[in-house]
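Each remark here refers to the structure printed beneath this line.
Where a number appears in this text, it was derived from the coordinates with a stated rule and is not lab data. The structure displayed is predicted, hence computed values, not measured ones. Cβ placement follows ideal geometry from the backbone for every residue including glycine, while neighbour counts extend to all protein chains displayed.
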Amino acid sequence: AKPLLEVRDLVKHFPIRKGLFGKPAAKVHAVDGISLSIGAGETLGLVGESGCGKSTAGKVILRLIEPTSGSIELEGRDITQYGPGEMLAVRRQMQVVFQDPYSSLNPRMPAGEIVGEPFINYGMGGAAERQDKVAQLFRRVGLRPEQMARYPHEFSGGQRQRLGIARALALGPKLIIGDEPVSALDVSVQAQVINLLMDLQAEFGLSYLFIAHDLAVVEHISHRVAVMYLGKIVEVAPKRSLFGAPQHPYTEALLASVPLPKPGARRARQTLTGDVPSPIAPPPGCRFHTRCPYAIPRCSQEEPLLHAVADGHEVACHLR
Ligand code: SF4
Ligand code: MG
């Protein structure tokens, strides 16, 4: 079966304008040719250090910013060139939940209107019917319909994120892109919101692209995980193989920096040192070679391409 979402060779470069004549002097290689797919009912985790391009990738896939090149297919339709009218239909299927429920919810709007706004934007139902639907959404995300008249500041951080999820659910999407959706929350609240997302997935067959830097959270919610470094995907694998047998030195180092859940669990040998190079001038060859403890001369000359090392497990490293 065709995947729900298929992204091919996606590139997003941001030109930096400098100098008297406004000539683009350089560009930020935010996303530099990534390909990924997500099946129906599947969660793909997208991880990497801050600045690796994962949030930009999410925004480009949503077409909140335009790609420089590459293609985005949703249910087999190439939406890359869709105009605003066609995108309106696509947005019913593809929604987003952002990290910061403070800035993404209008502080002057009652919560019920925030959640029900998509119905108005799409001209769906009369006022009473919309009210009913919003009440249902409130209950479904663990809020009380009596809270519909309250304003965002009257909710806790976790409740605000539930509001964001309710609004994302309103139009019955197939894919929700979460850009660090639990990163701003306390750990105990994180678990509740993650469990809610997983329940909703089971109930509605939702697919998620779950963008995060917290590996423990990603391990919990994802079926497969893709690791990004400086605008590229360096490894993608089913969760078990990625966390159990990481193949890329960068993934190994990322995992080594996470506290181990169980005593006696395997600890990778290398931890991450050195600064992330600038995405304006990424290193040639393998972008990780400036920080990689295993680098050989070939690594600074030739770019390693993603290739399969096991079933569904791909890695971009010359040594694998
Ligand atoms: Fe390290 Fe070379 Fe592999 Fe890059 S290609 S991760 S530098 S060993
Ligand atoms: Mg980000």
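Close amide H partners of Val96, meaning residues 5 or more places away or on another chain with modelled amide H under 5 Å apart, are Ile177. Report summary: the helix-based calculation at 222 nm, which adds -39500 (n - 2.57) for every DSSP H run with n ≥ 4 and divides by the residues of the chain, gives -9000 deg cm²/dmol.
Among the listed pairs Lys27/Lys174; Lys2/Lys239; Lys2/Lys133; Lys59/Lys232, a Cα-Cα separation exceeding 25 Å is found for Lys27/Lys174; Lys2/Lys133. Computed 3J(HN,Hα) for region 211-216, one whole-Hz value per residue from the Karplus formula 6.51 cos²θ - 1.76 cosθ + 1.60 where θ = phi - 60°, is 8, 6, 9, 8, 5, 5, glycine and proline marked x. Counting only Cβ charges, +1 for Lys and Arg and -1 for Asp and Glu, the dipole size of region 128-269 around its Cα centre is about 240 debye. Could you give each residue of region 186-197 its phi-based ³J(HN,Hα) in whole Hz, using Karplus coefficients 6.51, -1.76, 1.60 with θ = phi - 60°, and x for Gly or Pro? Listing the rounded values in order: 4, 4, 5, 6, 3, 4, 5, 5, 4, 5, 4, 4 Hz. Amide H contacts of Thr43: Tyr208, His223, Arg224, each under 5 Å away and 5 or more positions distant or on a separate chain (H built 1.01 Å from N in the peptide plane; Pro and chain starts excluded). Converting phi to 3J(HN,Hα) with the Karplus coefficients 6.51, -1.76 and 1.60 and the offset θ = phi - 60°, region 200-207 yields 5, 4, 5, 6, 10, x, 5, 9 Hz in sequence order, with x at every glycine or proline.
Each peptide in 2-9, 87-94, 210-217 receives the mean, over its residues, of other Cβ atoms within 10 Å, and ordering these scores from highest gives 210-217, 2-9, 87-94.
Rg and Dmax of region 83-205, both derived from C-alpha coordinates alone, stand at 13.8, 42 Å. Based on every Cα atom in region 180-320, Rg and the maximum pairwise Cα distance Dmax equal 16.4, 51 Å.
A simple packing score, the average count of other Cβ atoms within 10 Å per residue, orders the peptides 224-232, 47-55 as 224-232, 47-55, with the highest score first. Per-residue packing, averaged as other Cβ atoms within 10 Å, sorts the ranges 135-141, 80-86, 114-120 into the order 114-120, 135-141, 80-86, beginning with the highest. Structural size metrics of the chain, computed from C-alpha coordinates, are Rg and Dmax of 20.8, 68 Å.
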